[in-house]
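The values are calculated or read from the model by the stated rules, or taken from the named source; none is laboratory data. The shown structure was predicted, so the numbers you read here are calculated from the model rather than taken from an experiment. Note that we place each Cβ from the backbone using ideal geometry, even for glycine, and neighbour counts take in every protein chain shown. What goes into the accessible areas is simple: the full protein's heavy atoms, side chains included, and nothing from ligands, DNA or RNA. Shrake-Rupley method; radii C 1.70, N 1.55, O 1.52, S 1.80 Å.
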Amino acid sequence: MSATAPTTPAPPATVGTRNTPGPSPARRRSAALGLLAWLAGILFVLPLAWMTLTSFHSEEDAATNPPSVAASLTLDGYREFFGAAGGASPWPALINSTVASVGSTLLVLVLALPAAYALSIRPVKKWTDVLFFFLSTKMLPVVAGLLPLYLFAKNTGMLDNIWLLVLLYTSMNLPIAVWMMQSFLAEVPVAVIEAAQIDGAKLPTVLARVVAPIAAPGIAATALICFIFSWNELLFARVLTGVVAQTAPVFLTGFITSQGLFLAKVCAASLVISLPVLAAGFAAQDKLVQGLSLGAVK
């Protein structure tokens, strides 16, 4: 008869507890990046939100130090901006900015699309040197060309002429537009273009009905950037215009006078002048992201 070894009793099972793994490093990294993106977004939006709040304050409340956040709201700044108190009307300046920005952007697209087509889908010899030449034109300081352009405008009688700004903005934005659209059009399948040409489509038809729809996100991104550059341009508009062709940024600088800085009125004017750019960016945000992402991948 053999003796049996004593058995160790099993530990009592805990009810309702189980080992749950913690978040993976990839998930923690994603959460950290998301938090960082939110902080960066708030940091960029905060000045715009503060400007919007200040525009609804009176001049007395806007000038307090520290600023009065809970002050009463009013529309006096907007009334004064739109000339309710007998000041100058902003509508001519806004119309001039619209004509200069939209007109130059359309001209840039009409000229940049064939050039980008020739450099991407039908490349010429040493096309990289051509692109570098386009980009090198943006390296010239704007101030260096100010005096020659002023003398040219004076001798040709085009001072204070909105069409001079259209031509200037077109020439300023054309190099960067060709550079951007070249990378976008390089993604267009050549087989689709060749099929259209076999069917008898000429170059204008190929550009308008084949290339443009496929590269629409890139074209939209290029158009929006050119519009923003034209709308925000101040130096040439300040020097080459007076009263007739005055643009919105030049009109905005008129609020800084020897009598002082009227902060609420300036904030109201800045918000109104910024609305077209913000509206265009919001309307084209999907195509803008697609276009810029396509260029980055390329």
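For the reader, a short list of remarks on this structure follows.
- Accessible-area composition of the chain, carbon plus sulfur, in percent [1.4 Å probe]: 70
- Once all protein chains are placed together, Tyr150 keeps about 80 Å² accessible to a 1.4 angstrom probe.
- Kirkwood hydrodynamic radius computed over the chain comes to 23.9 Å, based on all pairs of distinct alpha carbons.
- Region 79-158: C-alpha pair distances exceeding 15 Å, %: 77
- Placing pseudo-labels 7 Å out from each Cα toward the beta carbon at Leu140 and Phe44 gives an inter-label distance of 3.2 nm.
- Taking all protein chains as shown and a probe of 1.4 angstrom, Asp160 keeps an accessible surface of around 40 Å².
- Ranked order, Ile198, Ile162, Ile193 - accessible area, probe 1.4 Å, largest first: Ile198, Ile162, Ile193
- Measuring only protein heavy atoms, the 1.4 Å probe finds Thr222 accessible over about 0 Å².
- Only helical runs count toward this figure. For the chain, summing -39,500 (n - 2.57) over DSSP H runs of n ≥ 4 and dividing by all residues gives -20500 deg cm²/dmol at 222 nm.
- Probing with 1.4 Å while keeping every protein chain in the model, the per residue accessible area of the chain equals 62 Å².
- For the chain, the membrane-span-like helix rule (DSSP H, alpha carbon extent of at least 20 Å along the helix axis, mean Kyte-Doolittle at least 0.5) picks out 25-55, 91-120, 162-185, 216-232, 263-283; this says nothing about an actual membrane.
- Ranking of Arg122, Arg209, Arg238 by solvent-accessible surface, largest first: Arg209, Arg238, Arg122 (1.4 Å probe, protein heavy atoms only, all chains present).
- Over every Cα atom in region 156-201, the radius of gyration and the widest Cα-Cα span, Dmax, amount to 18.0, 50 Å.
- Length-normalised contact order for region 18-136 - Cα pairs under 8 Å, 6+ apart - percent: 11
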